[in-house]
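One structure is given below, encoded as structure tokens.
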Amino acid sequence: FSSSLRKQTRSQPKFYCIDHALARSNGFWQGDGLTTSHELMICAELRRRGKELFYWRSEKDFEVDFIVTKAGKPVQAIQASYSIEDPQTRERELRALIAANTELGVKELTIITHYEHSEVKIDGAVVRIVPFLFWATGLI
């Protein structure tokens, strides 16, 4: 995501395959199966909901998996992480969302995990950590 159309057209696109089996059999699979599958399911659910999606990279090279926009303005930043038990992973995901909050002004910050459910307050911002199943079914 960038407010500059020129930067958007020059950036590298990020591709998601909706069919997990097709992705695995044709070599689109990256990393471990759980992490990739988790991110693909979140993308599919966001697309099903009709969301306008981008990914975003900060000036300090932090990446946010999904920036949801409304009328061309970023309204939500979502990180897809199967687990954030590892302190380094947790810090990386939080740092990227805080950067989106600071640089883009996004207020709704979310990490979608496999099972963790909590809320973290950092630098005046609130990051919701929600399990995929609750998020996808609308229970949260």
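Please give the per residue accessible area of the stretch 64-119, computed with a probe of 1.4 Å over protein heavy atoms only, in Å². Kindly include the intermediate steps, with their values, before the conclusion.
Values: 2670 Å² over 56 residues.
On a per-residue basis, 48 Å².
Counting DSSP beta bridges with both partners in the stretch 39-140, what percentage is antiparallel, nearest 5?
Working: 15 of 25 bridges.
Around 60 percent antiparallel, to the nearest 5.
For the stretch 87-92, take each phi angle, set θ = phi - 60°, evaluate the Karplus expression 6.51 cos²θ - 1.76 cosθ + 1.60, and give the result in whole Hz per residue in order, putting x for glycine and proline.
My calculation for the stretch 87-92 gives x, 5, 5, 4, 5, 4 Hz in order.
Of the accessible area of the stretch 84-140, with the probe set at 1.4 angstrom, what percent is carbon plus sulfur?
Details: 1680 of 3190 Å².
Accessible surface attributable to carbon and sulfur in the stretch 84-140 totals 53 percent.
Would you mind putting 98-104, 48-54 in packing order, based on average other-beta-carbon counts within 10 Å, highest first?
Top of the packing list down: 98-104, 48-54.
The values are calculated or read from the model by the stated rules, or taken from the named source; none is laboratory data. Everything numeric in this text was worked out from a predicted model, so none of it was measured. A quick note on method: Cβ atoms are made from the backbone with ideal geometry, for glycine too, and the neighbour counts reach across all protein chains shown. The accessibility values were calculated without ligands, DNA or RNA, using every heavy atom of the protein model including side chains. Shrake-Rupley method; radii C 1.70, N 1.55, O 1.52, S 1.80 Å.
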